[in-house]
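Q: Below are the structure tokens for one structure; questions will follow.
The values are calculated or read from the model by the stated rules, or taken from the named source; none is laboratory data. Treat the numbers as computed from the prediction; the structure is a model and nothing was measured. As a convention, Cβ positions derive from the backbone with ideal geometry for all residues, glycine included, and neighbour counts pool all protein chains shown. To get the accessible areas, we keep the full protein, side chains included, count just its heavy atoms, and leave off ligands, DNA and RNA. Shrake-Rupley method; radii C 1.70, N 1.55, O 1.52, S 1.80 Å.
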Amino acid sequence: MNTIVCKVSGLEKAFGPNRVLRNIDLELPSGQVTVLMGANGAGKSTLVKVLCGVHEPDTGQITLFDQPFTPHSPRDAFAKGVVTVHQSINDGVAPDLDVASNLMIDRLTESRGFFLSDRALRREARKIAEAMQLGLDVRAPVSSLGVADRQMIAIARAMVREPKVLILDEPTSSLSAAESERLFTLIDRLRATGVAILYISHRRSDIQRIADRIVSMRDGRIAGVFEETPLDYEGAVTAMLGHAMTDVPVRPTAPGAPVLHIENLSMQPGGPAINLTAHKNEVIAVTGLLGSGKSRLASILFGLEKPAIGRLTLNGAPYAPANPAEAIRAGVHFSPKDRASNGVVPEFDITNNLTLPFLKNFSRLSMLGRGGQRAATRSMIETLGVVCQGETDGIGTLSGGNQQKVMVGRWLSQPCALLVLDEPFQGVDIKARRDIGEHIRQTAGQRATIVFVAEIDEALEIADRIVVLNEQALVGEHKNENIELATLMAQISGRSEAILGA
Amino acid sequence: MQKNSNLIHFAIRYGFLLLLAGLVLYFSIFAPGFAGPRSAVFVFQSVAITGILALGVTCTLVVDGFDLSIGSVATSALMMSAYFMVILEQPAWVAVLACLAMGAFVGLVNGLLIVKMRVPDLLATLGMMFLLIGLQRIPTEGRSISTGMALPGGGNAEGTFSAAFLWLGRHRFDFFLEKLIPVPVIIFVLLGVLIWIFLHLTRHGRLMYAIGSNERASELAGANVQGYKIAAYMISGVTASIGGILLAARLGRGDVASGNNLLLDSVAAALIGFAVLGAAKPNAFGTAVGAIFVGILLQGLTMMNAPYYTQDFVKGAVLVVALVFTFALSGRKRGSGH
């Protein structure tokens, strides 16, 4: 029996009314890799942030070797032996410095002398590099290294402190298969030394290679712990996505004329080809795990990225927008995910936020007609049920769900040929989700609609047709009638690997 | 509690204007000769050129940029207009057009450096500032330009500042009193109104504010982010060259040493403008009020015999107070909204 290095019990964390972590119990045994899975917003990153001292829990306890562990800063957590390597690798290294300085940077912050001895620094760094089998010249600047090497450096640096717990947040998200394998070899060695490792990932291949246990999170709760060999990956994905049937019955409508053709589109050179046709009066939900190519496809539709090969046609005409402005002119409206960075203009009121892309429609000789703007906003507020005092409220005074209504309403306020919504229900409560979904379905007859969602419930609630992406390939297509959830789950988690092999 | 927050709200919104009114009242009582139309016009005249530059820098602040080159664009325009008229012996309108084109071109280069070459705004415009400070001295080998000066190639400069050009800087319109309002003041007020209309009433201005607030979101909403940013720097360059032309017309010579304080004064005016009406963001009305505020303060203090060398200290103090108004007070207001 392995000793439990870190034990979390009854952990709760709320941001305002939003309960992000609810009664979390988690154990991290030494010498084991615990994989943590969860959809966007399930609370994974909050849990990690509590463990590494960024957030303080509201209630609940964390113990480290049976001693209470209450880090008040990342530095403190680090000093006590909980080390985190974050997803964005460049947060972990200083690219302008050489490998030695990067490996020794923690020593630099606490060394006593004033002058540096480069030679001593390099000697120490070389020792670490050898112990970790990095195989790097410690004098090379980090900026000359690839992502995998940078990741290795970040981890090696963490290991200098002989951590008790190592947290890796999606470490392979930007690594190739060969690079990942190097990382796994390193993790194997660390595991052998008895470090408890918490590994956050969705990748099936990673998990099969490295996991000793899988913990699934959903809606801020632990939805399942899987420890028996062979590990039940399907079960973990199901627990993470949840399989509660939707209680909003959707009656698929007959699709109208085709609007958008996607022909033999590959997102990367040599990648699998995608074919898809979106019709008028049809809502298509595109679903898949993180990294399945959802966001990439959405970006291509709005002219933010170019496909490697393939052709798009919109209403019979070739469609290859160079930027969002062209996409909008062609009649494609796109509500991006992550409204805080991609949607909301924080200094504007509801009216200006809602009418932002269509200011031209509200102005004569460039002079804005505030009355028209406000009238259009008022009617949208009413249709979507935005809870506010009036259309001139600052956008920041609204709750997340209502801000999201404004963001979606922005693109619903004018007619379009194709409406693309990327994660329209992100960080939105169930009520707002229903309101938005209902309105999208009601107005679907005027256009083709494609919705990108990670949560399967949301897809079932809104779509006529559900399309599954996995590793940039289209692996499943279902009419939203008596869908066999098991098949859908299997496709999402990538069990039908025969397609990938082709 | 409610009363307290109302009070803070009132202070944020009207505090600065009340302070301004208080100052005017104080000086009117204690500084003899302060109250009166001639004195008021003098205040306006003293801030007209910095105010014009400040209106331009406001446009770059709106798109979350910054233009450090305005001071040197203005002095370049000053030297260039003198060079065109005195040495090249061109008429006034050619000199004016050339200066405006130069301002627009410098703005274009700034904008391209920032959006296409991805040089950070402060660094790009700092580089441009240096470049222009040096460049404006090369044609005359570092000397000031005036009629009759010795030319490097031998002989004397024959050209003169034409009367039409000097009119721009020196003419005063009758307004109730004879010869009251100078041309630069009128241009300042006119530009202020124009830029206010542009920023607040047109869709272009609205998009520029959107870009300043969330560039990525604006791009995804279809705004031509790069175009608007370049436009902002071009506006800034043109207004700076207007400032330089007016300065040349007032001085009547191409003086290499003048215009040293233009950059700092105009940036200060634009930043003080953040505090006016609790805007907490760059705005044309605030910028104009900010410039006039500094003018009134200096005028009043001078009339009360404060020595000239205290002026920069006073400006700095006003700026710091205004920034506290903007960021500390309204930051608290926003913080409580969560």
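Q: For A:GLY220, what is the net charge nearby, where nearby means another residue's Cβ is under 15 Å from its Cβ and Lys, Arg count +1, Asp, Glu -1?
A: Details: positive: A:LYS13, A:ARG19, A:ARG22, A:LYS44, A:LYS49, A:ARG218, A:ARG221; negative: A:GLU12, A:ASP25, A:ASP58, A:ASP219, A:ASP429, A:GLU455.
The answer is +1.
Q: Can you classify segment A:259-309 as rounded, prolate or oblate using the Cα gyration tensor, where a ≥ b ≥ c are the square roots of its eigenvalues, rounded means a/c under 1.5, and otherwise it's prolate if a/b beats b/c and oblate if not? Could you put the intermediate results ahead of the total?
A: Details: a/c = 1.68, a/b = 1.35, b/c = 1.24.
Cα axes put segment A:259-309 in the prolate bin.
Q: Please compute the Kirkwood hydrodynamic radius over chain B, one decimal place, Å, based on all pairs of different Cα atoms.
A: One decimal place: 21.0 Å for the Kirkwood radius.
Q: Any chance you could list the semi-axes, whole Å, largest first, of the equivalent ellipsoid that the Cα gyration tensor gives for segment B:238-338, using √(5λ)? Please list the in-between numbers first.
A: Details: eigenvalues 178, 63, 21 Å².
Taking √(5λ) for each eigenvalue gives 30, 18, 10 Å, largest first.
Q: Can you give me the P(r) profile for chain A? Cα pairs, bins 20 angstrom wide beginning at 0, each as a whole percent.
A: 21, 49, 27, 3
Q: Please enumerate, by chain and number, the lysines with C-alpha under 16 Å from the C-alpha of A:LYS280, excluding those fewer than 8 residues away in the same chain.
A: Result set, ordered by chain and number: A:LYS479.
Q: In segment B:242-281, how does Rg compare with the Kirkwood Rh, expressed as the Rg/Rh ratio over alpha carbon atoms?
A: Ratio of gyration radius to Kirkwood radius: 1.18.
Q: When the Karplus curve 6.51 cos²θ - 1.76 cosθ + 1.60 is applied with θ = phi - 60°, which whole-Hz ³J(HN,Hα) does each residue of segment A:213-230 get, with x for Gly and Pro?
A: 9, 10, 10, 9, 10, 8, 6, x, 10, 6, 9, x, 10, 10, 10, 7, 8, x
Q: Let me ask something else. Please report the antiparallel percentage of DSSP beta bridges with both residues in the protein assembly as shown, rounded to the nearest 5. Can you show the working numbers first?
A: Details: 48 of 85 bridges.
Here the antiparallel bridges make up roughly 55 percent for the protein assembly as shown.
Q: If you take every DSSP beta bridge fully contained in segment A:258-501, what fraction is antiparallel? Give it as a percent rounded to 5. Spell out each step's value before the answer.
A: Values: 21 of 40 bridges.
Around 50 percent antiparallel, to the nearest 5.
Q: Can you order the peptides A:121-134, B:267-280 by their average number of other Cβ atoms within 10 Å per residue, highest first?
A: Details: A:121-134: 17.2, B:267-280: 24.4.
For the peptides A:121-134, B:267-280, the packing ranking is B:267-280, A:121-134.
Q: Report the rotationally averaged projected area of segment A:426-489 based on its alpha-carbon convex hull, in square nanometres.
A: Its Cα hull, projected and averaged over all orientations, spans 5.1 nm².
Q: Quick one: angle between helix B:203-213 and the longest Cα principal axis of chain B, in degrees between 0 and 90, rounded to 10, please.
A: Once rounded, one gets 70 degrees.
Q: How many angstrom separate the Cα center of segment B:164-196 from the Cα center of segment A:405-464?
A: So the separation of the two Cα centres works out to 56 Å.
Q: Further question on the same structure: Out of residues 5 or more away from A:ILE274 or on other chains, whose amide H comes under 5 Å of its own, with H placed 1.01 Å from N in the peptide plane?
A: Excluding prolines and chain starts, which carry no amide H, the hits are A:ASN264, A:LEU265, A:SER266.
Q: If you plug each phi of segment B:232-249 into the Karplus form 6.51 cos²θ - 1.76 cosθ + 1.60 with θ = phi - 60°, what whole-Hz ³J(HN,Hα) values come out, in order, with x for Gly and Pro?
A: So the Karplus estimates, Gly and Pro as x, are 4, 5, 5, 4, 4, x, 5, 5, 5, 5, 4, x, x, 4, 5, 5, 4, 5 Hz.
Q: Find, to one decimal place in angstroms, the Kirkwood hydrodynamic radius of segment A:1-69, where the mean of 1/r is taken over every pair of different Cα atoms and then inverted.
A: Averaging 1/r across every pair of different Cα atoms and inverting gives 12.6 Å.
Q: Shifting gears a bit: I'd like the mean, over residues of A:362-369, of how many other protein chain beta carbons sit within 10 Å of each residue's own Cβ. Write out the running numbers ahead of the final one.
A: Details: counts 2, 5, 1, 1, 8, 5, 7, 2.
Per residue, the average neighbour count from other chains is 4.
Q: Taking 2.2 N^0.38 Å as the expected size of a compact globular protein, what ratio does the Cα radius of gyration of segment B:32-145 give against it, to two decimals? Please list the in-between numbers first.
A: Working: Rg = 16.8 Å, N = 114, 2.2 N^0.38 = 13.3 Å.
Rounded to two decimals, the normalised Rg is 1.26.
Q: Rounded to a whole number, what % of the accessible area of chain A do carbon and sulfur atoms account for, probe 1.4 Å? Could the numbers behind the result be given before it?
A: On the way: 11060 of 22100 Å².
Ligands and nucleic acids excluded, carbon and sulfur give 50 percent.
Q: To continue, here is another question. Divide the volume of the convex hull of the Cα atoms of segment A:371-481 by its number of residues and quote the answer in cubic angstrom per residue.
A: On the way: hull volume 12.6 nm³, N = 111.
Spread over its residues, the Cα hull of segment A:371-481 gives 114 Å³ apiece.
Q: To continue, here is another question. Non-local amide H neighbours of A:LYS280 (under 5 Å, H modeled in plane, Pro and chain starts lacking H): which ones?
A: A:GLY256, A:ALA257, A:VAL259
Q: Anything losing 20 Å² or more of accessible area from the isolated chain to the full protein assembly: pick those residues out of segment B:213-243, probe 1.4 Å, ligands and DNA/RNA ignored.
A: Correct list: B:SER213, B:ASN214, B:ARG216, B:ALA217, B:GLU219, B:LEU220, B:ALA221, B:GLY222.
Q: Translational D (Stokes-Einstein, µm²/s) of segment A:258-501 at 10 °C and 1.306 mPa s when Rh comes from the Kirkwood sum over C-alpha pairs?
A: Working: Rh = 18.5 Å.
In µm²/s, the coefficient is 86.
Q: Per residue Cα convex hull volume for segment B:164-252, in cubic angstrom? All intermediate terms of the calculation are to be shown ahead of the outcome.
A: Working: hull volume 9.2 nm³, N = 89.
Per-residue hull volume (Cα only) is 104 Å³.
Q: Starting from the exponent 0.38 and prefactor 2.2 Å, build the expected Rg for the protein assembly as shown from its residue count and divide its actual Cα Rg by it. Walk me through the intermediate numbers first.
A: Details: Rg = 32.3 Å, N = 840, 2.2 N^0.38 = 28.4 Å.
Against the compact-globule rule of thumb, the ratio is 1.14.
Q: Using Cα centres only, tell me the gap between segment B:20-54 and segment B:245-261 in whole Å.
A: 22 Å
Q: Here's something else I'd like to know. What does the charge count near A:ARG364 come to, summing +1 for each Lys or Arg and -1 for each Asp or Glu among other residues with Cβ under 13 Å from its Cβ? Spell out each step's value before the answer.
A: Values: positive: A:LYS360, A:ARG370, B:ARG203; negative: none.
Surrounding charge for A:ARG364 is +3.
Q: I would also like to ask the following. How many partner chain Cβ atoms sit within 10 Å of a residue's Cβ in peptide A:322-328, on average, as a whole number? Walk me through the intermediate numbers first.
A: Numbers: counts 0, 6, 8, 8, 1, 2, 4.
Across A:322-328, the average partner-chain Cβ count within 10 Å equals 4.
Q: Please report the net charge: other residues with Cβ closer than 10 Å to the Cβ of A:LEU103, K and R +1, D and E -1. Present the calculation step by step, with values, prior to reporting the outcome.
A: Working: positive: A:ARG107, A:ARG122, A:ARG126, A:LYS127, A:ARG157; negative: A:ASP98, A:ASP106, A:GLU124.
That sum, taken over residues with Cβ under 10 Å, equals +2.
Q: Sequence neighbours fewer than 8 away in the same chain don't count; with that in mind, list the lysines whose C-alpha is under 30 Å from B:LYS281.
A: A:LYS337, A:LYS360, A:LYS405, B:LYS3, B:LYS116, B:LYS229, B:LYS315, B:LYS333
Q: Provide a whole-number value for the mean count of partner chain Cβ atoms within 10 Å of the Cβ atoms in peptide A:344-352.
A: On the way: counts 3, 12, 4, 8, 6, 0, 0, 0, 5.
Whole-number average of other-chain Cβ neighbours for A:344-352 is 4.
Q: Give me the accessible area per residue for the protein assembly as shown, probe 1.4 Å, as a whole number in Å². Before the final figure, lay out each step's value.
A: Details: 37500 Å² over 840 residues.
Accessible surface, normalised per residue, equals 45 Å².
Q: Within 10 Å, count the other beta carbons around each residue, average over each peptide in A:56-68, B:179-191, and list them highest first. Before the final figure, lay out each step's value.
A: Working: A:56-68: 14.1, B:179-191: 18.7.
My ranking of the peptides, most packed first, is B:179-191, A:56-68.
Q: Separate question: Mind checking the angle between helix B:183-201 and chain B's longest principal axis? C-alpha axes, 0 to 90 degrees, to the nearest 10.
A: 50 degrees
Q: Here's a follow-up. With θ set to phi - 60°, apply the Karplus curve 6.51 cos²θ - 1.76 cosθ + 1.60 along segment B:121-127 and write out the HN-Hα couplings as whole Hz, x wherever there is a Gly or Pro.
A: 3, 4, 6, 4, 6, 5, x
Q: Can you give the accessible area buried between chains B and A, summed over both chains, with a 1.4 Å probe, in Å² to the nearest 100?
A: Working: alone 16450 and 23030 Å², together 37500 Å².
Counting protein atoms only, the buried area is about 2000 Å².
Q: Can you compute the equivalent ellipsoid semi-axes for segment A:91-160, i.e. the square root of 5 times each eigenvalue of the Cα gyration tensor, sorted largest first and rounded to whole Å?
A: Numbers: eigenvalues 67, 31, 26 Å².
They are 18, 12, 11 Å, listed from largest to smallest.
Q: Given the -39500 (n - 2.57) contribution per DSSP H run of 4+ residues, what per-residue ellipticity at 222 nm results for chain A, rounded to the nearest 500 deg cm²/dmol? Don't jump to the answer; show the numbers that get you there.
A: Values: 19 runs with 171 residues, N = 502.
The helix contribution divided over chain A gives -9500 deg cm²/dmol.
Q: Across the Cα atoms of segment B:1-41, what radius of gyration and what greatest pairwise Cα-Cα distance (Dmax) are found, in Å?
A: 14.9, 46
Q: Heavy atoms only, probe 1.4 Å: what % of the accessible area of segment B:2-335 goes to carbon and sulfur, would you let me know? Write out the running numbers ahead of the final one.
A: On the way: 10310 of 14880 Å².
That fraction is 69 percent.
Q: What lysines does A:LYS7 reach when the alpha-carbon gap must be under 23 Å and sequence neighbours fewer than 8 apart in one chain are set aside?
A: A:LYS44, A:LYS49, A:LYS80, A:LYS164
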